[in-house]
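Have a look at the structure below before the remarks.
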Amino acid sequence: MAGEGPEEGQAAVEAVEAVFREERGLLLASLVRRFGDLDLAEEVTSEAIEAALLHWPAEGVPARPGAWLLTTARRKAVDRLRRDQAYAARLAVLQADAERAEAAPAAEASGGGELPDDRLRLFFTCAHPALAAEDRTALTLRCLAGLTTPEVARAFLVPTATMAQRIVRAKRKIREARIPFRVPGPDELPERLPGVLQVLYSVFTEGYAASAGPRLQRPALAEEAIRLARILRRLLPAERESAGLLALLLLVHARRGARTGPEGEPVLLEDQDRGLWDRVMIEEGRGLVVRALTGGPAGPYGVQAAIAALHDEAADVEGTDWAQIVALYDVLLTLTPSPVVAVNRAVAVAMRDGPGAGLALLDALGGEPRLRAYQPYAVARGDLLSRLGRGGEADAAYREALELAGSEPERAALRRKLGRG
């Protein structure tokens, strides 16, 4: 359609960007399944996007843009394999596979589903236990969230070169260890699913409370984790912990608008304007909690989501069902014994039974090595000591927390606490 004006051309560009944003993970996963090589799949995905940017403004956006991109990317992959003798063995496998599915490309381009959904395989490949934990998170953001390497680096506040090395290392491990691109069988799923959920939770946690930098929250990163959790929930509808994770993320993220003040300073739960909480998100999360807790023993994400739901349902801190929250933390401690869970339980006990009771529990955890670098532990001790009128000890705890604080808003809040002390 030669002669299209700038508005039509811009619409085509925006259509490419929308398809890329929504379906990149689908496209990449389908190509990895077909060719068995993550690097090749990424390269031809990018080339297909570039081809769309070239052709769609002139020829119009196709009726099935995802299928157009898939067909284009497959052709480019075949061309690459034919030119590169190093991929001769892969080409032989590809040709055999193509003969078995000779009619598939035409069917995909003209009817049926938009793209075969192989993202679940990609989730489990990116989060394989053979990969280092930091590499799993980086690869998930790169491949499933579609972030560029510099964007992933910014997400975790490391140099781009460092993040590039992590991603290359993860891909090399997949290739050299011959990690299969597949969904684990029913006997493997209970062991493997928690790793996938943990990757998404780690992404969300960094968005909820940035480990460093000028802002307390990074909403875009938290929302990307929620988007991926929604995909996982759709792909594994029978897995209650995938519902539990999504519920937890929604119920916590629903408070985002009230968690910081006008200058970006942290606002404690007890001081938040609950009218700013996202009630639609809370209702969705509450419905998912029911799903996560019914039909069998509760999992850790389902229990954490139930705790978050009790906070979100309360009119204020005083009206919160702290007894039920403590009981849920008791359950959580049996599922995932952890000093971090014990700290959170101690804070809930302080709300139920008074600051002295909570402080006794925190002090009993004082010898736990994993809490030495855990800033919320020091903050919690400082707050309870302050409530008990022990200002000098509270200041000592706040100074310890200040040394551990990452983001500038957290540091500023602790300096204000010390100023009041």
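The values are calculated or read from the model by the stated rules, or taken from the named source; none is laboratory data. As the structure is a computational prediction, the values presented were derived from the model and not from experiment. Here the Cβ positions follow ideal geometry from the backbone for every residue, glycine too, while neighbour counts run over all protein chains shown. Quick note on the areas: whole protein, heavy atoms, side chains included, nothing else; ligands and nucleic acids left out. Shrake-Rupley method; radii C 1.70, N 1.55, O 1.52, S 1.80 Å.
Summary table below
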read-out: Selection count, the stretch 245-272, where residues are hydrophobic (A, V, I, L, M, F, W, C), over 20 Å from the mean Cα position of the chain (by Cα) and in a loop (DSSP other than H, G, I, E, B); value: 2
read-out: Residues of the stretch 199-244 that turn out to be touching a residue at least 40 places away in the same chain (Cβ under 8 Å), among the polar types (S, T, N, Q) and either in contact with a strand residue (DSSP E or B) (Cβ under 7 Å, 6 or more places away or on another chain) or surrounded by fewer than 21 Cβ atoms within 10 Å (Cβ to Cβ) (or both), as a count; value: 3
read-out: Selected residue (only one of G356, G366 is open to solvent by 10 Å² or more (accessible area, probe 1.4 Å), among the small types (G, A, S) and modelled with pLDDT under 95); value: G366
read-out: Check on R75, at pLDDT 90 or above, out of contact with any helix residue (DSSP H, G or I) (no Cβ under 7 Å at 6 or more places or on another chain), open to solvent by 70 Å² or more (accessible area, probe 1.4 Å) and more than 27 Å from A212 (Cα to Cα); value: yes
read-out: Checklist (1) over 26 Å from E176 (Cβ atoms); (2) at pLDDT 85 or above; (3) open to solvent by 20 Å² or more (accessible area, probe 1.4 Å) applied to L38, failing item; value: (1)
read-out: Filter result (without any contact (Cβ under 8 Å) to a residue 24 or more places away in the chain, charged (D, E, K, R) and in contact with a helix residue (DSSP H, G or I) (Cβ under 7 Å, 6 or more places away or on another chain)) within the stretch 339-368; value: R345
read-out: Candidate set from the stretch 154-176 (those that are modelled with pLDDT under 85 and within 18 Å of L131 (Cα to Cα)); member that is nearest to the chain's Cα centre (by Cα); value: F156
read-out: Restricting the stretch 308-324 to residues that are without any contact (Cβ under 8 Å) to a residue 24 or more places away in the chain and part of a helix (DSSP H, G or I), the residue that is surrounded by the fewest Cβ atoms within 10 Å (Cβ to Cβ); value: Q324
read-out: Criterion violated by G275 - all others in (1) over 21 Å from Y201 (Cα atoms); (2) in a loop (DSSP other than H, G, I, E, B); (3) not acidic (D, E) satisfied; value: (2)
read-out: Set R291, R286: member being open to solvent by 40 Å² or more (accessible area, probe 1.4 Å), out of contact with any His (no Cβ under 7 Å at 6 or more places or on another chain) and in contact (Cβ under 8 Å) with a residue 40 or more places away in the chain; value: R291
read-out: Exclusive hit being small (G, A, S), open to solvent by 20 Å² or more (accessible area, probe 1.4 Å) and free of Cβ contacts under 8 Å to residues at least 60 places away in the same chain, set G296, G382; value: G296
read-out: R387 being within 25 Å of the chain's Cα centre (by Cα) and more than 21 Å from A212 (Cα to Cα); value: no
